[in-house]
């Protein structure tokens, strides 16, 4: 009897959004009540923020054209990890010497600072993320053209 | 590792992200692969409406550009499902799951029926909001265990994963795949074009089967 009622409620698809929102809200409340969650002592990709660095917050250290040690899960799978981070094009180096805000322009200058973790050791994620964006734009553009 | 999905036959390394093939994941992977090939090869079914009490019947026409778009979305959905089946990384899994959710919306968004579009819209809202617990769960996994690799989690040397992270992951997958809420999907299935709409159902079933394995790790 109760199952019949539940399925009758669920068969109206407009009830599903509030139901899901309610479930999420309950879970978030539970998550807050279960705090604190202890941090692991050795974080996966350790990083220190140096506010005085011109490459802040993407500075992972090391002089240009050298290989710095980067904390990764499987170092044997990423033998070149640490080289890309230290690489700056001459133009980027010129900018880095003169402005405090180069680190905020991570995507604006090719050959500039590339976050090693994003583009090398976790490259598959970086491929999937733009794919999701591509799919979303494809849907949006299809619908837009259909409406027109 | 051997107790959950079996011993991996093969591990493919993408830096820190390992893709592994165990008997469990390879079965799900092959299922998604076969269905994707079927979607590529098959032509959409054409629904027939029969008027009761008479001999009249009509066949619904599917326009070519609509069919092409839905096939593209179905193939993308199949690829995302395949990725979610074999990935050995929690964050990568959540990304593929989010992609399955958005392609499911895309498969039915091209249909002209307002009823189907309304159901797809409601489903899209759920899929959108489900990304918060989904990626939140991945963040809690990384923060509390110090690793995102499922192989490391399965070894048992890391601290236990908080139960709330697992709960968030499951509700995120439920939202993306709509697994227990098939009412909205049933409305979406009124859309003509059989192999494509079945892809919605199959992909959500597959990601749900995979998340069962994921929450049992660590």
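Of all DSSP beta bridges confined to region B:10-216, the antiparallel ones make up roughly 100%. Protection proxy ranking for B:69-76, B:170-177, B:118-125, A:37-44, using the average of other Cβ atoms within 10 Å per residue and placing the highest first: B:170-177, B:69-76, B:118-125, A:37-44. Computed from label points 7 Å out along Cα-Cβ, the spacing between residue B:9 and residue A:50 is 4.9 nm. Placing dummy labels 7 Å off each Cα toward the beta-carbon, the span from residue B:48 to residue A:14 is 3.5 nm.
Along its three principal directions, the equivalent ellipsoid of the protein assembly as shown from the Cα gyration tensor extends over semi-axes of 41, 25, 20 Å, largest first.
FRET efficiency for the residue B:113 to residue B:205 pair, using the beta carbon distance and R₀ = 22 Å, is estimated at 0.35. Taking only the C-alpha atoms of chain B, the Rg (one decimal) and the largest Cα-Cα distance, Dmax (whole number), read 19.0, 70 Å. Taking chain B as the reference, fit the longest principal axis to its C-alpha atoms, fit the long axis of helix B:114-145 to the helix C-alpha atoms, and give the angle between the two in degrees, 0 to 90, nearest 10. Approximately 0 degrees, to the nearest 10.
Taking the 0 to 90 degree range and rounding to the nearest ten, how far is the long axis of helix B:90-109 tilted relative to the main principal axis of chain B, both from C-alpha atoms? Between the helix axis and the principal axis of chain B, the angle is about 0 degrees. The relative contact order of chain B comes to 25 percent, based on Cα pairs under 8 Å that sit 6 or more residues apart. In this structure, residue B:160 and residue A:77 have a Cβ-Cβ separation that, at R0 = 35 Å, corresponds to a calculated FRET efficiency of about 0.85.
Between residue B:30 and residue A:93, the FRET efficiency estimated from the beta carbon spacing at R0 = 41 angstrom works out to 0.25.
The gain in end-to-end length when the residue A:133 to residue A:35 segment is fully stretched comes to 32.0 nm, 0.36 nm per residue minus the alpha carbon separation.
FYI, it's all coordinate maths here, none of it is from the lab. Source: prediction; values computed, not measured. Heads up, the Cβs are rebuilt from the backbone with ideal geometry, glycines too, and the neighbour counts pull from every protein chain shown.
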